[in-house]
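Okay, so here's the structure we're looking at.
The values are calculated or read from the model by the stated rules, or taken from the named source; none is laboratory data. Everything numeric in this text was worked out from a predicted model, so none of it was measured. Ideal geometry is used to build each Cβ from the backbone, glycine not excepted, and the neighbour counts take in all protein chains shown. Each accessible area value is taken on the protein alone, full model and side chains, heavy atoms only, with ligands, DNA and RNA left out. Shrake-Rupley method; radii C 1.70, N 1.55, O 1.52, S 1.80 Å.
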Protein chains: 2
Amino acid sequence: MDVTTARVVLIIFAFSSLLHGSGGEIPPKPTGGVTLVPPVLPDDGPQAFPDAEKANMPVFTMDYPRIQIPFEITMWVLLASFAKIGFHVYKKITVWVPESCLLITIGLIVGGIMHSVHEEPPAVLTSNVFFLYMLPPIVLDSGYFMPTRPFFENIGTVLWFAVVGTLWNSIGIGMSLFAICQIEAFGVQDINLQENLLFATIISAVDPVAVLSVFEDVSVNEQLYIVVFGECLFNDAVTVVLYNMFNFVAEMPVVEPVDVFLGVARFFVVGLGGMGFGILFGFTAAFTTRFTSKVREIEPLFIFMYSYLAYLVAELFAISSIMAIVTCALTMKYYVEENVSQRSCTTIRHVVKMLGCISETLIFFFLGVVTITTAHEWNWGYILFTLLFAFVWRGLGVLVLTQIINPFRTIPFNMKDQFGLAYGGLRGAISFALVFTLPDSIGRKQLFITATIAVILFTVFLQGISIRPLIEFINVRRTNRNLDTINVEVHCRLMEHTMFTCSQFPPVGVLFDEAIVHSQTVREC
Amino acid sequence: MDVTTARVVLIIFAFSSLLHGSGGEIPPKPTGGVTLVPPVLPDDGPQAFPDAEKANMPVFTMDYPRIQIPFEITMWVLLASFAKIGFHVYKKITVWVPESCLLITIGLIVGGIMHSVHEEPPAVLTSNVFFLYMLPPIVLDSGYFMPTRPFFENIGTVLWFAVVGTLWNSIGIGMSLFAICQIEAFGVQDINLQENLLFATIISAVDPVAVLSVFEDVSVNEQLYIVVFGECLFNDAVTVVLYNMFNFVAEMPVVEPVDVFLGVARFFVVGLGGMGFGILFGFTAAFTTRFTSKVREIEPLFIFMYSYLAYLVAELFAISSIMAIVTCALTMKYYVEENVSQRSCTTIRHVVKMLGCISETLIFFFLGVVTITTAHEWNWGYILFTLLFAFVWRGLGVLVLTQIINPFRTIPFNMKDQFGLAYGGLRGAISFALVFTLPDSIGRKQLFITATIAVILFTVFLQGISIRPLIEFINVRRTNRNLDTINVEVHCRLMEHTMFTCSQFPPVGVLFDEAIVHSQTVREC
């Protein structure tokens, strides 16, 4: 291990120990912190002041609770960022092991250290924080950089796999697990059908975060990428509906046909409502950017605010927020990039990527941490069969659904593509966050949590690590997206930058009207 | 009023009314929100589930408390951004009235509306939120774009005005007000000397936010700009020490000489400690960016994280956080801009500007809102004399201090520059936030709050609006910074972009080694 690596690793662990000392609880009001003398600080709210007895003026004080929340958030983000830097020191590792696995491993280590010193994980790690703050940036990143034309060319297949595929998985896994529960030897007879279906819904949703981190390294052909990726974004509608439905009926002694009908109605509300809000906010953002020519500094802000609003409003009405934000990004992207300045455009793209990247890093990292610090309930039979059924039903589902959809496709999926589709169905943090939101009235909630974590770790590690060699081995059609010649790239960009420079100065820019039109054609490359 | 303006104004008021309906209180735990049927939502924590009696599955639900915090923050930011767009519709207004005044006015209007419907201002408007979340971006913006060479050439003058000037103002205003308090007619005899000095400290600090927003529009010569601006950044050290000192001694019956000595010692701890932390984090950031070549997406994040950490750690030890973050930005800027990619560099600059801009907008906006919604205590005598003394002591201070420092300056300040220095000493939101942190044990706290607001509004409106015509009238030396010829600019940028494009491709880039060195020289323009 060379000096630089040692330094980096040392820094990582130094930060970890710093965090341990910080304590996990967030006090409701800032009270007096650790001080060497009574604190006399500008602070909101009344403070206990020194008594009338003589005390000298403090020269050196500390007040940690006041800054605790922003400080801990900053430190966790820094730690995760250092981990990312650290991985690339060993180039060979990142070739074979996806970053997601490495991050989970680091998280497991940190979680282990925290557990051994009896620290609680930071109180910020709740499902609310995950759904409201960590997930939106990733989904915005996916939606914003989604290649639009290939996406809409495959929209039918995407929806087919997203809707029917997720239904197939949920019901298949749920019924199989219920059958397993009937076997006395496994000791899980108290789990009824609805609870099994609820759990199956949680673990059958393919996760965009996990898929993204793996498929980015494996350059599969675009059709495959679009379908897997579109599927994991759009299955959110189905997951939301099924989760609510099974959650609701888990409490009901009787399920009436009208409820099934209402469930179908709800699916359309959730799906179309999500898309509707997305389109609405997307067009509003596009319209707003028509007026931002005098306030160039805050142009990127509008993009982020509108996307986030689309997400929040969808969450407000309990419809598919992921679909809302993806549709918003898809809708506004081209209008916005024409309206805003070049610098704002670069900033938007880079910030979207940055936020998505750091959110993804934090999610996997915390996945590792919370895996250690959560109370588990292990059951060999249930968990092993969960893994088996998740794998089998995914494979079967892809097989059957592809047979049905292939006649309608211009480029049918061959067996190798189907393998990629099936094997690339990784589960991730969305399942993890969803299982934590299960009501406590469900008796075997701990078992479900443990089983979900097992499925996630299994798919992310096993499938995540092996997918690349397997894809290369069976020679799945690869993409040729990245193979522009250097010559083409240099000339594209040179023309683009030259046109941009000249267009900054209106009198000069007028002379280049034709050239500008040409540059827009060139921009396609 | 044309259609577009009407639309924009309508949107602003529509948003305002939306916010009113949202309620100001933030409940501690998400409870069931407004629903048409019992809510069945993925939400953290146990929820009240429908009874065993039959209830159909909900098709349409709403859960506002869950998303309340991020939603309200997003809406306030959007509203402030719309206000900024709206101002530029009337071009003539922004020429004569600084944006700060317009924003305060909008804030006053919104505050008035909220007050009339008996709404509380959002619970997020606390001093903690201001100091921890709103102020750092602005100060980072100032520090990052501070022209370094002129700054260090004037460092002596800057420190002279920052330290001695602020002391002069605080003590002068404090003693004068104490003299006024002795006059029975004003009815403020209960305010003792220490409390007067404490209040004087709060209002004598020239505010970077206010000064920045005004001086950006008025292109004064660089010396003047640097000195005023540097002064308001570096007077923070003095303000912190004096505030703590007078806060402390306000409780003490007796002030011993040792306390004065400790006060001086504390000043050095605060000032040098702030700069020390800033330099430490600045160099750490510069060092970290050496290893970020493989993680380009998150490069900008390190800059923001390190600057913010410098600020937070300084706050932790109750030393000058403003000096810490400014020094950090000054230190790391050049190293970082050499180490990171061009896109990251653009992103960092643009995001720093964006965050600074939106923070500044929000601060003035909330200043207006909270002005209306706070309980006031008016006292004609005290407040009018406060305004008078703030003005007079500032003028006297500049006069006297300039006489002393001029012999040491290469470019002495003439009378017109001194006028600019004195008249440009605006107070702003830092005073506002500080006065709210006064302990409740101070009897006339409400009067102090009202007086501080009066001083801020007076300086921002009167001086802010009149400074531009006055500066033009008396013909203060202007800057020639913005007068590059178009020819020079076009060629600078074209060369820069061409070099960047070619440097992206290492084999090609090697051929341009000499040209790259040349471009760095060109980059100076």
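All but one of (1) in a helix (DSSP H, G or I); (2) farther than 19 Å from A:Gly397 by Cα hold for A:Val218; which doesn't?
(1)
Do we find that A:Leu426 is more than 14 Å from chain B (Cβ to nearest Cβ), modelled with pLDDT of 80 or more and either out of contact with any helix residue (DSSP H, G or I) (no Cβ under 8 Å at 6 or more places or on another chain) or surrounded by fewer than 18 Cβ atoms within 10 Å (Cβ to Cβ) (or both) in this structure?
On the way: more than 14 Å from chain B (Cβ to nearest Cβ): yes; modelled with pLDDT of 80 or more: yes; either out of contact with any helix residue (DSSP H, G or I) (no Cβ under 8 Å at 6 or more places or on another chain) or surrounded by fewer than 18 Cβ atoms within 10 Å (Cβ to Cβ) (or both): no.
Judged against the criteria, A:Leu426 is not a match.
Looking at (1) surrounded by fewer than 19 Cβ atoms within 10 Å (Cβ to Cβ); (2) at pLDDT below 85; (3) in a helix (DSSP H, G or I), can you tell me which one A:Ser466 breaks?
It is condition (2) that A:Ser466 fails.
Scan the range A:332-358 residue by residue and report those that are surrounded by 23 or more Cβ atoms within 10 Å (Cβ to Cβ) and polar (S, T, N, Q).
A:Ser344, A:Thr347
Could you please give the count of residues in the range A:81-92 that are buried (at least 16 other Cβ atoms within 10 Å of the Cβ) and either in contact with a strand residue (DSSP E or B) (Cβ under 8 Å, 6 or more places away or on another chain) or basic (Lys, Arg) (or both)?
1
Going by the conditions given, is B:Ser293 small (Gly, Ala, Ser) and open to solvent by 10 Å² or more (accessible area, probe 1.4 Å)?
Working: small (Gly, Ala, Ser): yes; open to solvent by 10 Å² or more (accessible area, probe 1.4 Å): yes.
So B:Ser293 passes the test.
Which condition does B:Val188 not pass, out of (1) open to solvent by 10 Å² or more (accessible area, probe 1.4 Å); (2) not in a helix (DSSP H, G or I), if it passes all the others?
(1)
Looking only at the range B:190-227, count every residue that is under 26 Å from B:Val264 (Cβ atoms), of a type in the set (A, V, I, L, M) and touching a Leu at 6+ places or on another chain (Cβ under 6 Å) and tell me the total.
Result for the range B:190-227: 1.
Report those helices (runs of 4 or more DSSP H) wholly inside the range A:104-175 carrying at least 3 residues which are crowded, with 21+ Cβ neighbours inside 10 Å and hydrophobic (A, V, I, L, M, F, W, C). Show your work before the answer.
On the way: elements: A:135-144, A:148-153, A:155-159.
In the range A:104-175, A:135-144 are the helices (runs of 4 or more DSSP H) which contain 3 or more residues that are crowded, with 21+ Cβ neighbours inside 10 Å and hydrophobic (A, V, I, L, M, F, W, C).
Six or more apart or on different chains, Cβ under 8 Å: which pairs go from a residue in the range A:343-363 that's facing chain B (nearest Cβ under 7 Å) and without any contact (Cβ under 8 Å) to a residue 12 or more places away in the chain to one that's of a type in the set (Val, Ile, Thr) and open to solvent by 10 Å² or more (accessible area, probe 1.4 Å)? Could you list them?
A:Thr346/B:Thr346; A:His350/B:Thr346
Of the numbered conditions (1) facing chain A (nearest Cβ under 9 Å); (2) modelled with pLDDT of 70 or more; (3) surrounded by fewer than 21 Cβ atoms within 10 Å (Cβ to Cβ), B:Val95 fails exactly one; give the number of that condition.
Answer for B:Val95: the failing condition is (1).
Inside the range B:285-316, can you point out the residues that are in contact (Cβ under 8 Å) with a residue 40 or more places away in the chain, at the interface with chain A (Cβ under 7 Å from one of its Cβ atoms) and of a type in the set (A, V, I, L, M, F, W, C)?
B:Leu312, the sole residue that qualifies.
Which is out of contact with any Ser or Thr (no Cβ under 7 Å at 6 or more places or on another chain), under 26 Å from B:Ile303 (Cα atoms) and of a type in the set (D, E, K, R), of B:Asp217, B:Asp141?
Numbers: B:Asp217 fails: under 26 Å from B:Ile303 (Cα atoms).
The unique qualifying residue is B:Asp141.
In the range B:209-262, what residues are facing chain A (nearest Cβ under 8 Å), modelled with pLDDT of 80 or more and open to solvent by less than 10 Å² (accessible area, probe 1.4 Å)?
B:Tyr243, B:Asn244
Can you tell me which residue in the range A:60-77 is surrounded by the most Cβ atoms within 10 Å (Cβ to Cβ), limited to those that are facing another protein chain (nearest Cβ under 7 Å) and closer than 11 Å to B:Leu312 by Cα?
Only one residue fits best here, namely A:Arg66.
Is it true that A:Val435 is β-branched (Val, Ile, Thr), part of a helix (DSSP H, G or I), touching a helix residue (DSSP H, G or I) at 6+ places or on another chain (Cβ under 8 Å) and crowded, with 19+ Cβ neighbours inside 10 Å?
Considered against the rule, which asks whether it is β-branched (Val, Ile, Thr), part of a helix (DSSP H, G or I), touching a helix residue (DSSP H, G or I) at 6+ places or on another chain (Cβ under 8 Å) and crowded, with 19+ Cβ neighbours inside 10 Å, A:Val435 comes out as yes.
Kindly indicate the residue of the range A:307-320 that is at pLDDT 90 or above and open to solvent by less than 10 Å² (accessible area, probe 1.4 Å) and also nearest to B:Val77 (Cα to Cα) among those meeting that condition.
Ranking the candidates gives A:Leu309 first.
Check B:Arg266 against each of (1) within 8 Å of chain A (Cβ to nearest Cβ); (2) without any contact (Cβ under 8 Å) to a residue 12 or more places away in the chain; (3) in a helix (DSSP H, G or I); (4) not small (Gly, Ala, Ser) and name the one condition it does not meet.
For B:Arg266, the exception is condition (2).
Can you give me the number of residues within the range B:263-289 that are small (Gly, Ala, Ser) and at pLDDT below 85? Full working, then the answer.
Here is the first cut: in the range B:263-289, the ones small (Gly, Ala, Ser) are B:263, B:265, B:271, B:273-274, B:276, B:278, B:282, B:285-286.
The next check asks that each one be at pLDDT below 85; those that pass are B:263.
Going through the range B:263-289 one residue at a time, the tally reaches 1.
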